[in-house]
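Since the structure comes first, as C-alpha cells, the remarks are kept for the end.
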Amino acid sequence: MSAQTEQESFSFQAEVVQILDLMIHSLYSNKEIFLRELISNASDAIDRLRLELLSRSELPDADGQLQIRVSYDSAARTITVADNGIGMSRQEVIENIGTIAKSGTREFLQALTGDQRKDASLIGQFGVGFYSSFVVADRVALTTRRSGLTAAEGVRWESDGRGEYTLETVEQPSRGTTIVLHLREGEDDLLNGFRLRAIIKKYSDHISLPILMPAEPAEGTRDQAGQEPPAEVPAEVPAEAPVNQASALWTRPKNELAEQDYKDFYQHVAGDFTDPLAWVHSKIEGTYDYTLLLFIPSRAPFDLWMPQAGRGIKLHIRRVFVLEDSGQLMPQYLRFIRGVIDSSDLPLNVSRELLQGSRVVDNIRSNATKKVLRLLADTAEKEPEKYAAFWKEFGAVLKEGLAEDFGNRDEIARLLRFTSTKSGSDEPDVSLADYVGRMKEGQQHIYYLLSPGPAAAKASPHLETFRKKGIEVLLLGDGEGIDNWLVASLRDFDGKRLQSVAQGSGDLSELEDEAETAAKEQASAEFAGLVGQLKAVLDGRAYDVRVSSRLTTSPACIVANEAEIDINLARRLRGSGLPSQPVLEINPQHPLLRRLNSEPADSHLAEWAHVLFDQAVLTLGARIEEPAAFVGRLNHLLVTLTGATEDPDLEQGPEHDQAPAPDPAQEP
C-alpha cells in the first residue's frame, strides 16, 4: 500500500477542545509548565522504546545515545523539543492527541478547581500535558516516526488549537518525535537560552536521560543580575551540552541530596505538582542488591479506586527502566506509593510473567512493604498532624491490608485510626493502642459500633449503657463497607478481642457489680411473661426477644444473634435492612415497657409489639418492610391514647381486628 501524502483535516473531540481552551485562556500564570510536560512526555517515549527493544533482546542504544534535545530560534520565534524515543504511527497520533483515548482528559476536566496553580498541577497527573504547548504557542507542529516503521511512514501533525488539526505523511529519516512551538506574541522572553535552562533545571533536572541544548556563546560570563551579555562578535554555531545532571538520583548517596532534590524527583516520577508527604531512600545489600526510593503522596490520585489503574512503582534494572509495577512489587493496599526500585539481580529482558514466583521479587516486595509501613509508623509517632493528613487521603485503602497481608497485620493494625465516643470531633484520631491504654479496669474487650456515618453512630441506642458506664466505643463506618471487612479480618489486638455492641447479648458482667447483676436477673424474671407474649406476636419477624442490659433511655433495639457475623455486614450481604437473625431487646426501665408488662391483657399489645420492632428497625438505619402498616398502627395507637373517636370506616391495622377482647377484670 502506498503511503498517504495528502494533508487531511480532523476535528478534536469535545473534551480536547475544552482542554485547549483551558490551556490558552486559564493557565497563563503558570506557562513554564509547557516545557516540563513536553520533556516528561519525551522521557516516557524513550522509556517505552527501551521496553519494546528489550522485549526483542535488542540494545536500546544501538542507534545512538537516547536523549532529549531542546533548542530555540529567535528569528523564527520557535522552541523545539525533540527525542529519539519510540515515536508514533499515524493512528497513534490520532488516538493520543486528537481524542481523549486513555489520557484521562474527562477525569481531568471533572477535577478542575478554578485555582490556576492547583489546576496546573493536575496536568501531568492526568496525562494531558501535551496540550500545555498552547499556553505559549499559537501553532504547534509535531513530526514523528514510530520505531520499526520506514522513513516514508513519518507523520506530521499541526494545529492552532482552535478545534481542528491536520495530518500528513512525510519523510522522516529517524525514529522519535520533534515538536516545534510557534510562540504567541508576548512570549519572546522564552527565546533565551538561560531562561530555558533555568526552567529545565527547575522541573526536569533529575530525569536520568541527558537533556541537551546548544551551548551559549557567552555562557559563564553573565553579569551579577544573571543577564546574558550582548554578543559583540558573532559566534560560531555552538555545540550541544547537557543541561541536567542526567544521573539516576536514587543511586546517589543520601548525604549528597537535599530535601528539594527528593521533592523535585517525586514530581517527575509521579506526575504530581505537589510535594510528597514523606519518603524512604534505602540501599539493600546482601543476598540480593537493590535500591528503594519510595514516596507517599500528599493527596490521593484520581484513579485510586479504579480497578485497572496503573501502579506507581517503576522497576529499573541497573538504572534502566524496565516496566511499571502491576502488583508484584507492592501489595494492592499500598497502590498509592510512588517511586523507583532498582535491582541488580534481575535480567534486563525480564517480563511480568518472570516476575511471578521470583525469589528476588518476593524479597524486594517484602522489604519494600516493611519499609513503607515503618515510614508510616514513624510519621504517626513523630508527626501526628502529617499522619492525620495521610489517613484522610489513604486510610480506607490501608485498611484493605488487614485482609490482604496477614504477615504484617499487627503493623497495619497499629496504623489504623478511628473516631470514638471520646473523640472531640468526627476526625479519626484514636488508635487501637490509644483505646487499650484507656480501657476500664477489668475490661476485656475492645468495643466498636458499625454504622452508616458519625451522626447515626452517635445517636445509636446501642451506645446508651456504654456511655453511662464511661466505656469507650470505637465508631466505625466509612460508607464504602471497608470497615465491615476490617472487623471480620481483625479479631483481636494486643490480646483484647474486638466486640460489636450491636451483636450478641451485650454481656457487660465483667464490669458489673453485684447489685447490677442482681437487678438484671430480677428484670429478666419480672418481664418473662411480656417477653413470651412479644415472641408470639413477632414470630416470623424477630428471631428472639429478650431483656436488654445495653439500653438506658430507648425502649428497644435490634441486635444480631450471637452466632451471626457482625450485623452491618450481614445487612449488606442479605440486601435488606436487617440481619438474618434479628433479636429484639427491650428496656425494662422504659415507661412504655413497664406499662405493657403491668397490663398483659392489653388489647393493643400486638400493635405495640410491631411498633416497637419497626422503631428499632428505623434506629438501626434499616428499612421497614411494610411502612404503610407501620404508619397505620402508629396512628391508631395515637388516636387511642388521645381518647378521640376514630372513624369506623377507616381501615385499621392488621392486629386491631384480631386483638383479644379485654378482660373485664382489668377494666377500671
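Yes or no: Tyr435 at pLDDT 90 or above, buried (at least 21 other Cβ atoms within 10 Å of the Cβ) and within 21 Å of Ile558 (Cβ to Cβ)? Against the criterion (at pLDDT 90 or above, buried (at least 21 other Cβ atoms within 10 Å of the Cβ) and within 21 Å of Ile558 (Cβ to Cβ)), Tyr435 does not qualify. Look at (1) in a loop (DSSP other than H, G, I, E, B); (2) open to solvent by 20 Å² or more (accessible area, probe 1.4 Å) and you find that Ile207 fails only one, number (2). Taking the conditions exactly as written (of a type in the set (Gly, Ala, Ser), at pLDDT 55 or above, surrounded by fewer than 14 Cβ atoms within 10 Å (Cβ to Cβ) and farther than 30 Å from Gly477 by Cα), does Ala629 satisfy them or not? Taking the combined requirement at face value, the residue does not satisfy it. When Ser549, Ser500, Ser580 are checked against the criterion of being buried (at least 19 other Cβ atoms within 10 Å of the Cβ), at pLDDT below 90 and in contact with a Lys or Arg (Cβ under 7 Å, 6 or more places away or on another chain), a single residue qualifies: Ser549.
Taking Ser326, is it farther than 30 Å from Ala388 by Cα, polar (S, T, N, Q), out of contact with any Leu (no Cβ under 6 Å at 6 or more places or on another chain) and modelled with pLDDT under 80? The answer is no for Ser326.
Condition first: of a type in the set (D, E, K, R), modelled with pLDDT of 70 or more and farther than 22 Å from Arg175 by Cα. Can you find one or more residues in region 54-75 that meet it? Scanning region 54-75, I find at least one residue that is of a type in the set (D, E, K, R), modelled with pLDDT of 70 or more and farther than 22 Å from Arg175 by Cα, so the answer is yes.
Candidates Gly653, Gly643: the one that is more than 30 Å from Ala457 (Cα to Cα) and either modelled with pLDDT of 90 or more or open to solvent by less than 20 Å² (accessible area, probe 1.4 Å) (or both) is Gly653.
Looking only at residues of region 347-366 that are open to solvent by 10 Å² or more (accessible area, probe 1.4 Å) and among the aliphatic types (A, V, I, L, M), we find that the one that is modelled with the lowest pLDDT is Leu348. Restricting the search to region 74-96, which residues are crowded, with 16+ Cβ neighbours inside 10 Å and of a type in the set (Asp, Glu)? Listed by number, the list holds a single entry, Asp83. Looking only at region 222-230, decide whether some residue is in contact with a strand residue (DSSP E or B) (Cβ under 7 Å, 6 or more places away or on another chain) and modelled with pLDDT under 95. Checked against the condition, which is being in contact with a strand residue (DSSP E or B) (Cβ under 7 Å, 6 or more places away or on another chain) and modelled with pLDDT under 95, region 222-230 yields no hits at all.
Note on region 585-646: enclosed helices (runs of 4 or more DSSP H) holding 2 or more residues that are acidic (Asp, Glu) are 605-619. Of the listed requirements (1) out of contact with any Phe, Trp or Tyr (no Cβ under 9 Å at 6 or more places or on another chain); (2) surrounded by fewer than 20 Cβ atoms within 10 Å (Cβ to Cβ); (3) assigned to a strand (DSSP E or B), Thr166 misses just one: (1).
Restricting attention to region 177-195, the residues being under 14 Å from Ser74 (Cβ atoms) and polar (S, T, N, Q) number 1. Among the residues of region 143-163, just one is among the polar types (S, T, N, Q) and surrounded by fewer than 18 Cβ atoms within 10 Å (Cβ to Cβ), namely Thr150. Looking at region 351-459, the helices (runs of 4 or more DSSP H) lying wholly inside it that each contain 1 or more residues that are basic (Lys, Arg) sit at 352-355, 359-382, 384-399, 409-415, 454-458.
The values are calculated or read from the model by the stated rules, or taken from the named source; none is laboratory data. It should be emphasised that the depicted structure is a prediction, and the values quoted were computed from it without experimental measurement. Because the Cβ atoms are built from the backbone with ideal geometry, glycine has one as well, and the counts that use them run over all protein chains shown. Remember, those area values only see protein heavy atoms, side chains included, never the ligands or the DNA or RNA. Shrake-Rupley method; radii C 1.70, N 1.55, O 1.52, S 1.80 Å.
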